[in-house]
Amino acid sequence: MTETPNTGTPTTAAAAPAVSVVGPGEGETVLLGTTRMRILEDGGTTGHRLGIAESVIAPHTPGPPQHRHAGHDEGFYIVSGSVRFTVGDEEHDAVAGTLVVVPPGAPHTFANVRDEPAVMLSTFTPDPYVRYFRELRDLHAGSEAVTPEAQLRLMRRYATEPAEAPAPGPS
């Protein structure tokens, strides 16, 4: 207990918000084929306003089919290597130091078309899409073959549609 200045009345100090520090090699690792994702912030520290992940994308790794999100923004910061982003019909080769921000409704995909690994830091605002990657990992780890229909059902649970489909409404 502390005293309020000039009154002598005891008050309870408010608890400081928790701070998350994730060191090298820490965080939750999610393997998605030839891509290794490290979840650095799953939203638990940010009131679910922000999720952050680091992805190491192996050389010559194709990305997901072009898709759109209705419920969140995505940001991609290229730490090393080069990542090719396809946005509609446009291609952008993003090298280290490049930031790509994808708002809801924008069709996009990415791939590593080079001979070297690429490292990318991704943000998700708000954070629920972090859970999508956990579920995708679990879907592929299951005993049954993963069908395109099963993948589409999972995407739709997170307000995501293939780019060919009409843009999904807000969730």
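The values are calculated or read from the model by the stated rules, or taken from the named source; none is laboratory data. Nothing here was measured: the structure is a model prediction, and the numbers come from that model. All Cβ positions, even for glycine, are placed from backbone atoms using ideal geometry, and neighbour counts span all protein chains on display. To get the accessible areas, we keep the full protein, side chains included, count just its heavy atoms, and leave off ligands, DNA and RNA. Shrake-Rupley method; radii C 1.70, N 1.55, O 1.52, S 1.80 Å.
Data for the structure
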{"read-out": "Residue tally, condition free of Cβ contacts under 8 Å to residues at least 60 places away in the same chain and either out of contact with any Ser or Thr (no Cβ under 8 Å at 6 or more places or on another chain) or open to solvent by less than 40 Å² (accessible area, probe 1.4 Å) (or both), over the range 45-63", "value": "7"}
{"read-out": "Cβ-Cβ under 6 Å pairs, at least 6 apart or on other chains, the range 148-169 side part of a loop (DSSP other than H, G, I, E, B) and at pLDDT 90 or above, far side open to solvent by 90 Å² or more (accessible area, probe 1.4 Å) and not basic (K, R)", "value": "A159/S171"}
{"read-out": "Candidates V130, V119, filtered to the one that is under 22 Å from L31 (Cα atoms), modelled with pLDDT of 95 or more and open to solvent by less than 80 Å² (accessible area, probe 1.4 Å)", "value": "V119"}
{"read-out": "Unique match (being modelled with pLDDT of 95 or more and in contact with an Asp or Glu (Cβ under 9 Å, 6 or more places away or on another chain)) among F110, F124", "value": "F124"}
{"read-out": "Among (1) modelled with pLDDT under 95; (2) more than 18 Å from R131 (Cβ to Cβ) - the single one F76 does not satisfy", "value": "(1)"}
{"read-out": "The range 87-104 - residue that is in a strand (DSSP E or B), in contact (Cβ under 8 Å) with a residue 24 or more places away in the chain and open to solvent by 60 Å² or more (accessible area, probe 1.4 Å) and, of those, nearest to L121 (Cα to Cα)", "value": "L99"}
